[in-house]
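Single-structure report; data block below.
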Amino acid sequence: MEKKWVQLPLWLWFAIGLAAIQGALVATEFFWFMALPVLLVLIIWLFTSLEKFFFFTVFMVPLSLEVKEADLGMAISLPAEGLILLMTLLFYAKWWLERNISKAFWMHPATLLVLAHLGWMLITSFSSTLPMASFKVLATRIWFITAFYFIGAQIFAQQKQIHRFFWAYLLPLCGVVVYTIFRHAQFGFAKQPAHWVMSPFYNDHTHYGAILAMFLPFTFAVLFRKQLNGFLRLGLLLIFGILMLGFVLSISRAAWLSIMLALGFFALVRLRIPWTLVFASILTTLIGAFSFQTELLMILEKNKQESSGNLIQHFQSASNISSDASNVERILRWNCAIRMFEEKPLLGFGPGTYAQKYAPYQRSQEMTVISTNFGSLGTAHSEYFLALSEQGLIGMLSFISLAIVFLVTGVRVVQKPGIGYDERILGYAALLGLCTYFIHAILNNFLDSDEASVPFWAMGAVLVALDLQMRDIEPKAKSKT
C-alpha cells in the first residue's frame, strides 16, 4: 500500500521542519527565537498565496496588541501592522513587475479620491510643523490603503472572498467580545469598568463600540440569506446576539447614535426617497439650526443629565454640553482644531501633529476636569476636525468627498436593477458599515488604528469591487433583453 505521507506538499514539509526547529529552541530555552520559524512560514505563505496571507492578517487584527516603542517615538500594533507592511511591500513589487490591475479600478471615482487623499497628505507632510511625525502617519495610511483597498479590491472580485473577509474579522472579534463581557461581569457590569474592560485589544469603549457598529449590519444582513439551514441560522443569530450585547454594554453613545442614523439612511435607500428631497430637508434643518442657534443652545444647556449606568439616562446625557465632562472636552478639542485651522487654513499643521500642537489653543474658560496639555484622551475627537487642523480645508474636503463617493457607490450597487440577492446583502453590509463610521467620525477619530482602518478601507474596496462587477454584467443583461 502506497504511503500517503510521502506525497505531502513541499511547503508542508518545510513547515514541519520549522516546527521541529521551534520545538528544539523552546527545549533549549532560546525563547527570543521562537517567533523566527513562524515568521519564515508566513513569509513563504506571503509569496505563494497573497489571498491566504490577506485573510490571515485580517484574522489577526482584532487580536493584535499595541506596543509602544520609545525608540521609534510611536506605538505599533503587533503582529497586525508587521504583516500589513509585508503585504504592502510585496504588492508594490508585484505591481511594478506585472502591472496587472485593471484601468477601470484605477479610474474609478473612489480610487481617484483615495489617491488624491494620499497626495494631499504627502504635500502637507512636507509642509508639516513636525515632519517626522507626519511622514510616520503618512506611511501607516499608505500601507493600510494598499493592503486593504488596493489589494482588497482585487481579492473581492470574487464574491465568496467578500464573505471570507467579514468572517475573518468577525470570528476573532466575537472572541474579544466574549472576553470583554466576562471581564465586565466580574465588576457587576458597572459603568466605570465598561470604559476599559476591552483592553488590551481596544484602547477604550468608544473605539470598541465603533468597530462593533461597523460589523453589526453584516451580522444582521446574513441572517436573511436564502440558502441557510436552520442550524446555520441559529449559529448566526447567536453571533449577532453576542455582538449586540457587547455593543450595548460598550456604553458608547457615539456608536449608538451611528447605528440609529445608519438605520435611517437604510430606510432612505430602501424606500428610494429622492435625494433632492433628502438634501433639501438637510439644508432646511441646517439653516433653521443656524437661525435659532441661541435658542437651541439655551435648550441644550438646560440638560444637566450626567453620564450614568442607566442606559436611557446615559444616552440622554449625549446632549448635555454644560456639565458632562466628556461632551465639554470634545467641544474644547473641536474649538482648538478650528483655531489651529484659522492660523494655517491651507496646509494645516501636518498629519499627526494635533496632539503635540493643540495645547496653546485651549481657553481656560472652556477647559474641564479632564483637560490636559499632553495630548492624552485622544486627539481632535473628530476625523473631520482633525483633518481640518492637520491638513487644512482641502484635507477636510478630501475626506468628506471620499465619504460621499463611497456612499454614492454603495447606493448605486444596492439599487442596481437585476442585482443578485446575495450581492445586495453584501452591498448593504459594506454600505451601512461605512455609514456608521462616517457618522461616528463626527465625534471620534480612529483611522490611525489598524482595528478601524482595516474594515474601513476594506469595506470601501468591497463597494468598488461590486460596482465594477455590476458594470461588467450590465452589457450582458442588456443584450439578453
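A few remarks follow.
- Matching option when the condition is on the phi > 0 side of the Ramachandran plot and either outside any helix (DSSP H, G or I) or over 16 Å from the mean Cα position of the chain (by Cα) (or both), among Gly410, Gly418: Gly418
- Test: residue in segment 153-170 that is crowded, with 17+ Cβ neighbours inside 10 Å, without any contact (Cβ under 8 Å) to a residue 60 or more places away in the chain, touching a Ser or Thr at 6+ places or on another chain (Cβ under 8 Å) and not charged (D, E, K, R): no
- Residue within segment 452-469 that is modelled with pLDDT under 95, among the β-branched types (Val, Ile, Thr) and over 15 Å from the mean Cα position of the chain (by Cα) present: no
- In segment 100-124, the residue that is farthest from Val408 (Cα to Cα) out of those that are touching a Lys or Arg at 6+ places or on another chain (Cβ under 9 Å) and not in a loop (DSSP other than H, G, I, E, B) is Met121.
- Any chance Phe182 is of a type in the set (Phe, Trp, Tyr) and either in contact with a Ser or Thr (Cβ under 9 Å, 6 or more places away or on another chain) or surrounded by 17 or more Cβ atoms within 10 Å (Cβ to Cβ) (or both): no
- Positions within segment 355-372 being polar (S, T, N, Q) and more than 23 Å from Thr129 (Cα to Cα), in sequence order: Ser364, Gln365, Thr368, Ser371
Yes/no matrix, rows are residues, columns are (1) modelled with pLDDT under 90; (2) surrounded by fewer than 20 Cβ atoms within 10 Å (Cβ to Cβ):
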{"position": "Val178", "(1), (2)": "no, yes"}
{"position": "Gln186", "(1), (2)": "no, yes"}
{"position": "Lys191", "(1), (2)": "yes, yes"}
{"position": "Met198", "(1), (2)": "no, no"}
{"position": "Gly241", "(1), (2)": "no, yes"}
{"position": "Met244", "(1), (2)": "no, yes"}
{"position": "Arg253", "(1), (2)": "yes, no"}
{"position": "Met260", "(1), (2)": "no, yes"}
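- The residue that is surrounded by the most Cβ atoms within 10 Å (Cβ to Cβ), among those in segment 115-152 that are touching a Phe, Trp or Tyr at 6+ places or on another chain (Cβ under 6 Å) and among the aliphatic types (A, V, I, L, M), is Ile151.
The values are calculated or read from the model by the stated rules, or taken from the named source; none is laboratory data. Since we're looking at a predicted model, the values are computed, not measured. Positions of Cβ are backbone-derived with ideal geometry, glycine not excepted, and every protein chain shown enters the neighbour counts.
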